[in-house]
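Here's the structure, in structure tokens; my notes come after.
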Amino acid sequence: MIKEALFGKSFLELEQVAECLGLPPYTGRQVAAWLYGSDVDTIDGMTNLSKAARGLLQQNFTMGFITPEEVRTSSDGTKKYLFAVQGGGYVESAYIPEKKRATLCLSTQVGCRMGCRFCMTGRQGFHGQLTAGEILNQLRSLPERRAVTNIVFMGMGEPLDNLANVLKSLEILTSSWGFAMSPRRLTVSTIGLIPGIKKFLEKSSCHLAVSLHSPFPDERLQLMPVEHAYPLRQVLDTIRACDVGRQRRISFEYILFSGVNDTPRHVKELARLLNGIRCRVNLIRFHSIPGIDLQSPDDAKVIWFRDALNAKGITATVRASRGEDIQAACGLLSTAARMEESNDQSR
């Protein structure tokens with residue numbers, strides 16, 4: 001019998017575990033403290049539980065931690081970790097240290113079904129959802145976990161296509177019985193799944209980042225098939241209609257493609273579309289992937305585009321490219337080769 005993992009369970013679920021095993025009600029809180037507030041890796045290490053309680057837990061559960069199988073380090077200090085998940089899949093996460101902060105980029109799915117033209121993960125296809133425990137394991141099993149100050153759900157997969165597990169992981173990250181992180185330190189990215197945006201804004205107070213990439217529907221559709229199901233204009237109307245709160249940051253991700261979406265016409269339309277939304281635009285250089293005839297504009301053009309948006313009252317910044325030499329930069333995460341290698345070995 002495959003034992004169930006304790007890690008990734010909510011406080012209520014841990015209380016239910018205690019109740020089902022006939023343990024005192026406060027056991028759930030004790031287990032939560034060990035799982036999310038300590039470095040203990042074994043059930044037997046939960047020393048304030050009785051020996052009998054630890055025995056019952058060991059008979060029925062595992063801790064659920066999975067150490068990374070591989071790490072690659074970039075010349076700029078970025079690290080990319082490879083984790084195995086249930087069902088034989090793999091995901092990657094990126095640890096990005098800076099002078100005053102350290103950001104962890106988490107994956108939420110094995111592959112992705114959104115099919116964005118510029119993304120290596122999308123070209124891999126969709127192979128499965130991560131549980132809340134598998135999402136959070138990318139933090140808990142990270143050697144640098146104590147140094148992490150910010151978390152972005154911007155790795156492999158579309159977070160709002162795995163909404164239940166993402167919301168559960170956010171609950172564990174921000175609750176006093178969990179990791180006790182501030183929602184201001186957490187950002188969830190989406191390509192614009194409107195039902196998920198509504199529920200996310202209702203259930204969570206974490207930051208939201210929306211992939212935009214072109215203000216014109218026909219161009220955006222060529223880059224992102226999601227434009228057909230959830231047009232950008234409807235996404236923006238949804239955000240305007242929701243009470244996002246003063247403390248929540250709304251940002252728009254905008255990958256620049258030379259000669260495609262980097263003209264004065266795009267600046268003008270972006271400013272018009274985003275008028276009235278308290279937000280910022282993160283400009284991202286495109287990182288080339290095989291078989292895609294898109295290129296990034298040069299640095300001068302990127303700076304011009306930023307300044308042109310700022311001149312129109314839209315706060316815009318340029319995101320520094322990190323980890324490109326180890327395929328850890330935006331849009332480059334993919335475990336397709338590793339999964340194919342694993343399948344070959346199992347034959």
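The values are calculated or read from the model by the stated rules, or taken from the named source; none is laboratory data. The shown structure was predicted, so the numbers you read here are calculated from the model rather than taken from an experiment. We place every Cβ from the backbone using ideal geometry, glycine too, and count neighbours over all the protein chains shown.
Looking only at the stretch 276-324, count every residue that is hydrophobic (A, V, I, L, M, F, W, C), in a strand (DSSP E or B) and surrounded by 18 or more Cβ atoms within 10 Å (Cβ to Cβ) and tell me the total. Spell out how you get there, then give the answer.
Within the stretch 276-324, the subset hydrophobic (A, V, I, L, M, F, W, C) is 277, 279, 281, 283-284, 286, 289, 292, 294, 300, 302-305, 308-309, 311, 314, 316, 318, 320.
After this cut, where a residue has to be in a strand (DSSP E or B) as well, the list is 279, 281, 283-284, 316, 318.
Within this subset, residues satisfying the condition of being surrounded by 18 or more Cβ atoms within 10 Å (Cβ to Cβ) are 279, 281, 283-284, 316.
Total satisfying the criteria: 5.
Just to be sure, is I326 touching a strand residue (DSSP E or B) at 6+ places or on another chain (Cβ under 7 Å), assigned by TED's automatic domain parsing to the domain that holds S182, under 19 Å from S93 (Cα atoms) and modelled with pLDDT of 95 or more?
Details: touching a strand residue (DSSP E or B) at 6+ places or on another chain (Cβ under 7 Å): yes; assigned by TED's automatic domain parsing to the domain that holds S182: yes; under 19 Å from S93 (Cα atoms): yes; modelled with pLDDT of 95 or more: no.
So I326 fails the test.
Residue pairs, Cβ under 8 Å, 6 or more apart or interchain, first in the stretch 12-37 and within 19 Å of E171 (Cβ to Cβ), second acidic (D, E) and surrounded by 19 or more Cβ atoms within 10 Å (Cβ to Cβ). List them.
Listed by first residue and then by second, the contacts come to G28/E15; R29/E15.
Is it fair to say K80 is in a loop (DSSP other than H, G, I, E, B), buried (at least 20 other Cβ atoms within 10 Å of the Cβ) and not hydrophobic (A, V, I, L, M, F, W, C)? If you could, list the steps in order and put the result at the bottom.
Numbers: in a loop (DSSP other than H, G, I, E, B): no; buried (at least 20 other Cβ atoms within 10 Å of the Cβ): yes; not hydrophobic (A, V, I, L, M, F, W, C): yes.
Considered against the rule, which asks whether it is in a loop (DSSP other than H, G, I, E, B), buried (at least 20 other Cβ atoms within 10 Å of the Cβ) and not hydrophobic (A, V, I, L, M, F, W, C), K80 comes out as no.
Which pairs have Cβ atoms under 9 Å, sit 6 or more apart or on different chains, and link a residue in the stretch 249-275 that is without any contact (Cβ under 8 Å) to a residue 40 or more places away in the chain to one that is of a type in the set (V, I, T) and part of a loop (DSSP other than H, G, I, E, B)?
N275/I314
From A271, A316, A320, which residue is over 30 Å from E69 (Cβ atoms), among the hydrophobic types (A, V, I, L, M, F, W, C) and either modelled with pLDDT under 95 or more than 25 Å from the chain's Cα centre (by Cα) (or both)?
Numbers: A316 fails: either modelled with pLDDT under 95 or more than 25 Å from the chain's Cα centre (by Cα) (or both); A320 fails: over 30 Å from E69 (Cβ atoms).
Among A271, A316, A320, only A271 is over 30 Å from E69 (Cβ atoms), among the hydrophobic types (A, V, I, L, M, F, W, C) and either modelled with pLDDT under 95 or more than 25 Å from the chain's Cα centre (by Cα) (or both).
Could you list, ordered by first residue, the pairs with Cβ atoms under 7 Å in which the first is in the stretch 89-108 and within 15 Å of R319 (Cα to Cα) and among the hydroxyl-bearing types (S, T, Y) and the second is modelled with pLDDT of 95 or more and part of a strand (DSSP E or B), at least 6 apart or interchain?
Sorted first by the residue in the stretch 89-108, then by its partner, the pairs are T103/I96; T103/N150; T103/V152.
Please give the number of the condition Y95 fails out of (1) assigned by TED's automatic domain parsing to the domain that holds A132; (2) buried (at least 16 other Cβ atoms within 10 Å of the Cβ); (3) more than 22 Å from T335 (Cα to Cα).
(3)
Could you tell me which residue of the stretch 191-217 is surrounded by the most Cβ atoms within 10 Å (Cβ to Cβ), considering only residues that are of a type outside the set (A, V, I, L, M) and assigned to a helix (DSSP H, G or I)? Please lay out each step first, then the result.
Taking the stretch 191-217 first, the residues of a type outside the set (A, V, I, L, M) are 192, 195-196, 198-200, 202-207, 211, 213-217.
Then keep just the ones that are assigned to a helix (DSSP H, G or I); that gives 195-196, 198-200, 202-203, 217.
Values: P195: 11, G196: 20, K198: 15, K199: 15, F200: 22, E202: 9, K203: 13, P217: 13.
So the residue we want is F200.
Among (1) more than 23 Å from R117 (Cβ to Cβ); (2) part of a loop (DSSP other than H, G, I, E, B); (3) in contact with an Asp or Glu (Cβ under 8 Å, 6 or more places away or on another chain), where does G245 come up short?
Of everything listed in (1) more than 23 Å from R117 (Cβ to Cβ); (2) part of a loop (DSSP other than H, G, I, E, B); (3) in contact with an Asp or Glu (Cβ under 8 Å, 6 or more places away or on another chain), G245 misses just condition (3).
If V188 satisfies every condition in (1) part of a helix (DSSP H, G or I); (2) under 22 Å from M120 (Cβ atoms) but one, which is the exception?
(1)
Residue-by-condition table, conditions (1) small (G, A, S); (2) in contact with a strand residue (DSSP E or B) (Cβ under 8 Å, 6 or more places away or on another chain); (3) assigned to a loop (DSSP other than H, G, I, E, B); (4) assigned by TED's automatic domain parsing to the domain that holds L294:
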{"residue": "R113", "(1), (2), (3), (4)": "no, yes, yes, yes"}
{"residue": "R117", "(1), (2), (3), (4)": "no, no, yes, yes"}
{"residue": "L136", "(1), (2), (3), (4)": "no, no, no, yes"}
{"residue": "L139", "(1), (2), (3), (4)": "no, yes, no, yes"}
{"residue": "V152", "(1), (2), (3), (4)": "no, yes, no, yes"}
{"residue": "N162", "(1), (2), (3), (4)": "no, yes, no, yes"}
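Could you tell me which numbered condition F126 fails, if it satisfies all but one of (1) within 23 Å of I289 (Cβ to Cβ); (2) touching a Lys or Arg at 6+ places or on another chain (Cβ under 6 Å); (3) surrounded by 20 or more Cβ atoms within 10 Å (Cβ to Cβ)?
The number of the failed condition is (3).
If F179 satisfies every condition in (1) in a loop (DSSP other than H, G, I, E, B); (2) modelled with pLDDT under 95; (3) not charged (D, E, K, R) but one, which is the exception?
(2)
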